[in-house]
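Have a look at the structure below before the remarks.
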Amino acid sequence: MMIGGAMMLASSNPMEHVLPHKLFEIRGVDVTNQMVMQVVATLFVLWLLVSAFRRHGRANPQNLESMVPRGSGHLFEIICNYLREQVARPILQHHTDRFIPYIWSVFFFIFGCNLLGLLPIDAITGVFSGDRWRTHLAGTATGNIVVTGTMAACTLVMMVVNGLRLGGMHYLAHFCPGPLWLAPLLIPVEIIGLVAKIFALTVRLFANMMAGHILLAVLLGFGTAASGLLGVAIAIPAIAGAAAITCLEIFVAALQAFIFTFLTTLFIGQSVVFHHDAHDEEHPAGDHGHAAPAH
Amino acid sequence: MALMKSASGAGVLGLLLPAMLLASEAHGAEKINPFEGTVANAVVTLITFGIVLFVLGKFVWPAVLTGLQRREEFIRNSLQTAKQEREEAEKLLKQYQEQIAGARQQATAIVDEGRRDAEVLRHKIQAEAKTDADAMLERARREIGIARDTAVKDLYTLSGKLATDLAGRIIQKEIDPATHERLIRDSINDLSTAKLHN
């Protein structure tokens with residue numbers, strides 16, 4: 001059915017809905033709808049979180065009531081606390097509070113981009129412009145592989161830089177977990193593994209966001225593919241299906257942001273938390289075991 | 001769940017993309033590249049994410065983190081204090097229970113001692129009462145004996161006098177007082193002697 005729909009939509013290709021479209025140009029650089037939405041998402045996230053937590057820093061440490069945020073701050077604090085206690089702490093252990101601002105930022109930035117991408121701005125502006133799908137004022141920033149790749153690259157930088165900063169030789173040593181004579185084989189394999197993690201991170205978010213939007217575009221395309229009574233007969237279930245998929249996509253937007261955040265935390269944890277950290281607590285005198293990262 | 005969703009997303013993408021690419025090519029449309037992106041995308045991503053990191057890291061996350069840490073500290077301290085107070089209360093309770101048990105033992109000892117003292121006192125009072133009663137009885141007996149002797153003596157005297165008067169009348173002769181006195185005394189002596197013999 002989906003393939004048939006896609007074939008039907010050749011004239012108004014649903015891919016157009018998810019691809020970047022040039023809106024204007026600044027000094028020879030094309031500014032696309034996805035870039036604009038990324039900026040909008042950034043401003044939206046900043047406004048939302050700054051306004052939600054603006055009174056939070058002035059809490060009286062002796063008064064529990066004043067430490068509890070009000071309104072939307074409460075909701076965001078639940079999310080922050082969940083990410084800190086349930087996601088970051090089991091993985092990052094005593095490094096949790098060092099990395100948690102980055103982890104929170106990743107989650108809210110990706111979630112904001114994912115969520116704003118679901119706004120049917122194209123459809124709404126299309127009603128007024130007369131061209132139903134081609135205003136391209138909006139777009140999903142995370143539906144662009146360069147965007148997700150850049151975010152994954154940030155994770156890579158966090159892994160490597162903090163691995164070297166906090167682990168030093170222990171971090172480098174985990175690139176050769178076996179005997180030294182196997183190093184020529186193991187080191188490339190470990191480096192490939194590291195790149196594969198980042199690649200998986202990139203593709204997972206990109207593919208999920210793009211697939212959801214293509215599916216929505218296809219479903220809505222069914223409604224416009226035919227005219228007359230047949231068009232109405234097709235449009236009703238198609239729009240109902242699109243509404244259901246949109247609800248699912250809201251969940252997917254949160255889920256994918258969570259997965260990206262979780263994997264980022266996991267990868268950073270693999271770089272900065274070593275088994276000997278746990279041993280150190282038991283043997284403060286300094287019985288350093290092997291330096292393999294916690295998996 | 002996440003893996004299933006990822007797999008389903010990738011599956012949908014894998015199913016749709018070739019069909020749409022094929023369709024667009026078939027219609028002579030512009031060639032579509034789903035992996036389209038430029039360096040500008042990366043730069044914008046870095047800038048926007050950098051701004052998010054900076055602004056939130058500077059103005060929001062420290063407050064949130066401090067709030068969470070303060071709350072954790074507050075709750076930890078409250079629990080610690082509650083635990084200490086509970087231990088202290090348990091210690092006090094144990095102390096009070098020991099004190100109550102001690103007081104109870106002391107009270108029992110005092111009651112026993114009081115009972116013993118009361119018993120001793122009772123015996124003492126009984127003995128004294130008995131002694132007093134015996135003494136009173138003895139005195140009463142003595143007084144009764146004296147009274148009886150006096151009464152008997154008076155009776156003898158009166159009887160002697162009556163007898164003498166009667167005898168005087170019978171013999172029509174007045175007896176002088178000295179004889180009268182002697183006769184009475186002799187009669188009494190006879191009566192006393194007779195009583196002793198009886």
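Throughout, read-outs are computed from the coordinates displayed, never taken from laboratory work. None of the values given here were measured: they were computed from a predicted structure. Counting neighbours? That spans all protein chains shown, and the Cβs are built from the backbone with ideal geometry, glycine included.
Side notes on the structure shown:
- Long-range HN-HN contacts of A:Val31 with modeled amide H, under 5 Å: A:Leu23, A:Phe24, A:Glu25, A:Ile26
- Normalised by residue number, the volume inside the convex hull of the Cα atoms of region A:82-130 is 64 Å³ per residue.
- Least to most buried among A:Phe109, B:Phe54 (fewest other Cβ within 10 Å first): B:Phe54, A:Phe109
- Within 10 Å of the Cβ of each residue in B:50-58, the mean number of Cβ atoms contributed by other protein chains is 6.
- FRET E, pair A:Glu25, A:Ser72, Förster distance 45 Å, beta-carbon r, rounded to 0.05: 0.75
- Computing FRET efficiency as 1/(1 + (r/R0)^6) for B:Ala163 and B:Glu128, where r is the C-beta to C-beta distance and R0 is 45 Å, gives about 0.35.
- Each of A:Phe76, A:Pro101, A:Gln34 was placed along the dipole of region A:2-282 (beta-carbon charges, centred on the mean Cα), and the one lying farthest toward the positive end is A:Gln34.
- For the residues of A:211-219, the average number of beta carbons from a partner chain within 10 Å of their own beta carbon is 4.
- Cβ charges +1 (Lys, Arg) and -1 (Asp, Glu), total dipole of region A:2-282, debye: 480 debye
- Dmax and Rg, reported as Rg then Dmax, of region A:2-282 (C-alpha, Å): 22.9, 76
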